[in-house]
1. So what's the back-of-envelope 222 nm ellipticity for chain B, counting only DSSP H runs of four-plus at -39500 (n - 2.57) apiece and dividing by all residues, rounded to 500?
2. What number comes out for the charge environment of A:Asp308, summing +1 per Lys or Arg and -1 per Asp or Glu over other residues with Cβ under 14 Å away?
3. Go ahead and run the numbers for FRET between A:Asp237 and A:Ser491, Cβ-Cβ distance against an R0 of 41 Å, rounding to 0.05.
4. Need one value for A:425-438: mean number of C-beta atoms belonging to other chains within 10 Å of its residues' C-beta atoms.
5. Per-residue Cβ counts within 10 Å, from other chains only, averaged over A:184-192: what number is that?
6. Output wanted: per-residue J couplings in Hz (rounded whole) for region A:381-394, from phi through Karplus 6.51 cos²θ - 1.76 cosθ + 1.60, θ = phi - 60°, x for Gly and Pro.
7. Go through region A:125-141 and flag every residue whose accessible area shrinks by 50 Å² or more with all protein chains in place compared to the isolated chain (probe 1.4 Å).
8. Near the amide H of A:Leu529, under 5 Å away, which other amide H atoms are found, from residues 5 or more places off or on another chain, if H is placed in the peptide plane?
Amino acid sequence: MRGATHARWIAGAVAVALAATACGGGDDDSDSGSGSGDTGAVLSSSWGDPQNPLEPANTNEVQGGKVLDMIFRGLKRYDPKTGEAKDMLAEEIETTDSQNFTITVKDGWTFSNGEKVTAKSFVDAWNYGASLKNNQKNAYFFEYIEGYDKTHPDDGSKQSADTLSGLKVVDDNTFTVKLTQKFSTFPDTLGYNAFAPLPQSFFTDHDAWLSKPVGNGPYAVDSYTKGSQLSVRKWDDYPGDDKAQNGGVDLKVYTDNNTAYTDLMAGNLDLVDDVPAAQLKNVEADLGDRYINTPAGIIQTLSFPFYDEDWNKEGSDKVREGLSRAIDRDQITDTIFQKTRTPATDWTSPVLGEDGGYKKGLCGDACEYDADAAKKLIEEGGGLPGGQVKITYNADTGSHKQWVDAVCNSINNALDNDKACVGNPVGTFADYRNQITQRKMSGPFRAGWQMDYPLIQNFLQPLYYTNASSNDGKWSNAEFDKLVDEANAESDTAKAVQTFQQAEEVVRDNMAAIPLWYQNGSAGYSARLSDVSLNPFSVPVYDQIKVG
Amino acid sequence: MGRYVVRRLLQMIPVFVGATLLIFLMVNVMGDPIAGLCGDRECDPATAAQLRREFGLDMPVWQQYLTYMGNVFTGDFGTAFNGQEVTELMASAFPVTIRLTIVAILFEVVVGITLGVVTGLRRGRPVDTGALVVTLVVISVPTFVTGLLLQLLLGVEWGWISPSVSSEAPFDELIVPGLVLASVSLAYVTRLTRTSIAENTRADYVRTAVAKGLPRHRVIRKHLLRNSLIPVVTFIGTDIGALMGGAIVTERIFNIHGVGYQLYQGILRQNTQTVVGFVTVLVLVFLLANLLVDLLYAVLDPRIRYA
């Protein structure tokens, strides 16, 4: 009996293996040699279960975004190396006043089910994303388009329109966008997944679409078992010039990135795009040059509750600056993060590049460790509120405890007071967000920002503009707001960037948040793979990976 | 016997209601799950309000509980935040964990009891002392250490097994995780059987059986073992529930997508529907396993009567 069942399992395993190789083998002949590597071979990669259903305007975390990046192409695409927004499906985006845009869509693009990608595919998708009744978590991406307040009333009252009045289809390949304000860098935001086009089947048979999403990218979804695996395969008729260099990708869900790493070591998995903190010490010995550690558009900061009088009174800025100077960023990034973080010297990210607005050293002395200066500044500012700061963080993910303790340690040492700073853990991320939303923070708290698109605007406006969506500390400064408005209205990109940097100086002078470090993306891969790289969003550039 | 079973089943109702209510309150105390749903960026208020309405989170807790229980009786366990039905999650998770539990229980029964009998009959000999030391080590080493160690040795160093279990999770891939899951209980079963056997070898009925000239294997199987198994069966019975719920650590190490994985995910994302649904089913499993154990007593020892 036991023997019989056993034989069946083996037979099953063989059948699966055969199917897998057949799948890979079939495409081999169609390829006429593009360098080394087997363009038919499939690679496997670690994945996390996406938190939301896989819809472009509903996906706001990396795991779901990874898939969308494989199966969708939008009007623009961020260059995987430089992060620059380049035209993809957009033939032309014209404007004379930075407020009204005419967008022409390239001819000859289709979805993987054969349907043509037209202006309507975009307009319908955007209208869907903006409409309150669809509960799309990225709806705010459409907030600058005219009519957003009707399709998505902020107070949650009944929406009075289903479509955005600022969107108009002119003909098959052209549509116009009218914004409520001047926004010169608007075209550069269009590379974000929320702006992807959608085929009609998305609207007509939503459930079927969700169980097997159809897009227009270099890969098409082959099978999707929620919670365990998603397989994409190369779409042979893909019209773009960034065709997949491999046969497909099997994304396998891992609950624990340590297990994924173990699987990579055992030769069971080809690619891990999140090397666990515990393995950072041995990763170079384990993988050698198959370990990638490159900058990503992520910055970690400490925010302050400006709604709390203790932190928003005369001299508080000196206390904040003092705290910043009491943190030994170099030592913490070396010892705790094994150099997978870089001490921050401004409030943006190196991935923007100098032209994009990153300015090394903009923070100046205020971000340099100096115990004496720190002590002096805090004394001048009236001392720490209540004699002690508590740094609040969520303890469930991301090993935040280690660095918060290290930061506190550094502050305590600098101030010669072992009670100056303590960590204040909150059990779950949800509860942590809860306390932030309800304005319950009584001292500095952990904040991280992963960019949506590589623009300096994205590192400043959502975080520090008065009442902006991620301004968790509720900081408000008229001068900053004015400069951001000016920068957005500026049609010359270089000038706009300069104005944004002026706004960033206002953030610095007030120390609205303490910049800690820039985060790197890390990945490790098996010897089967080559040409593996991470884009500025720390997502592997799957379509360029060669197998074999 | 029949009346006893009915009475036991009726007793389950208050336990069931109490347990679910407790879990429901505990999960709700943790705060508003919608707050964590949008990541580091706050959900826009309109969408958050609408999501709250959709998941019924805008109602008072007692009303949420009543609605929930009402739905449960029609077989509707609600929807997880990623849009999947909780019943769908259960359908994928429970078979995997049940398979894992079966492997673990088999280890406990076969290896545990055999070892227990062998050592119980050879008290004080090297075999016995050896088993005592080994079980002591197993009991004192936490499961995650055993798990990670076996995974590293068998999976990475020697390549005998794959370090993670595939999503189909067939029996043969679950042998090592099952052993890890069973390890601590296995040690207890061994020690429990050993003590029980050692005690009963000196009982009158065993001496009588030997004096009657019965063959040794018959004495051990029919007389000694049967009477010694009662405490062991009690332990294994209650262990079924504990194994199913306690698989969180093992399932995480070997990336098994079973009940432990779903519970962990549910707690992390504060998904009331998933957590309460899975715990509800686990409570039921626990209650039924206990009932089964009590009924088994009569099979082992006919002197036990139910009224």
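1. Per the formula, -22000 deg cm²/dmol.
2. +3
3. The pair A:Asp237/A:Ser491 has a calculated efficiency of 0.60.
4. Rounded to a whole number, the mean comes out at 6.
5. Counting other chains' Cβ atoms within 10 Å and averaging over A:184-192 gives 0.
6. With the stated coefficients, region A:381-394 comes to x, x, x, 6, x, x, x, 8, 10, 10, 9, 8, 8, 8 Hz.
7. A:Asn135, A:Lys137, A:Tyr140
8. The answer is A:Gly548.
The values are calculated or read from the model by the stated rules, or taken from the named source; none is laboratory data. Only a predicted model underlies this, so the values are computations on that prediction, with no experimental measurement involved. Using ideal geometry, Cβ is built from the backbone for each residue, glycine included, and neighbour counts are taken over all protein chains shown. Only protein heavy atoms, including side chains, enter the accessible area calculation; ligands, DNA and RNA are left aside. Shrake-Rupley method; radii C 1.70, N 1.55, O 1.52, S 1.80 Å.
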